[in-house]
1. Kindly put Thr7, Thr225 in sequence by how many other C-beta atoms sit within 10 Å of each C-beta, fewest to most.
2. Quick one: 3J(HN,Hα) in Hz for the stretch 111-126, Karplus 6.51/-1.76/1.60 with θ = phi - 60°, rounded, Gly and Pro as x.
3. Within the chain, which is the longest segment that contains none of the trypsin sites (Lys or Arg not before Pro) sitting in a DSSP loop with at most 11 other Cβ atoms within 10 Å?
4. Between the alpha-carbon centers of the stretch 186-227 and the stretch 94-150, tell me the distance in whole angstrom.
Amino acid sequence: MRVDIVTLFPEMFRAFGELGVVGRAIADGQITLRCRSPRDFGVGKHRNVDDTPYGGGAGMVMRVDCLVDCLESLDEGHAPAHRVLLSPQGRRFDQSGARRLAQHDALTLICGRYEGFDDRVRAYVHEELSLGDFVLSGGELAAMAIIDASARYLPGVLGNPDSLREESHGDEGRLEYPHYTRPPEFRGVSVPEVLLSGNHAKIEAWRREQSEARTRDRRPDMLETSS
């Protein structure tokens, strides 16, 4: 998968592209990550990419011409990418969205700054996504979250593909069951005996019960959606 990021702060992605699941996927050639700054297409001596809003108001607005020139440069010599505008006005990103984005051969994620985008840029993207009902200083953190979540669905990225089925918000549509490891007892709290029994059928049944109970308690809306 080719992933391009339009950002004024490409340096934010250096460590992200070297560590963890995404770093391994890049090292193995499963993901190609590129950053491009719209400032490369900025206006005038100072490469300005923003200007005051027509009609007045607080803050500065990112210029549509700089953004579109940047987007079109990324597709030169390549098949057109699926373009995603990262905005608090977008549809909320979730696990099904991660699965869907992973099916694209090429993604371009557009990170905003300042007061937002000139609205005309929306004619040049395929969709808008948001992490939730809150505002960040820019789209870079959202881009990292979306790349990390989507990369997990690329073949071979996870060491154990069963993780996608069993983890929270995975293919089972429930929250994940609780995990335990050594020591078997810590400050008076012991690991559930069933996990030490070696009886895999009982362990599987216990985990399913725990998953359903945890989902009912913490996210009953997930059960309503899957029913």
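Bear in mind that the values in this text are calculations on the coordinates, not laboratory data. Quick caveat, the model's predicted, so the values are computed rather than measured. With ideal geometry, Cβ positions are generated from the backbone for all residues, glycine too; neighbour counts draw on all protein chains shown.
1. The most exposed by this proxy come first: Thr225, Thr7.
2. Couplings: 9, x, 8, 6, 7, x, 9, 4, 4, 5, 5, 5, 6, 10, 10, 9 Hz.
3. Between the exposed loop sites, the longest stretch runs 46-186.
4. Cα centres, the stretch 186-227 to the stretch 94-150: 34 Å.
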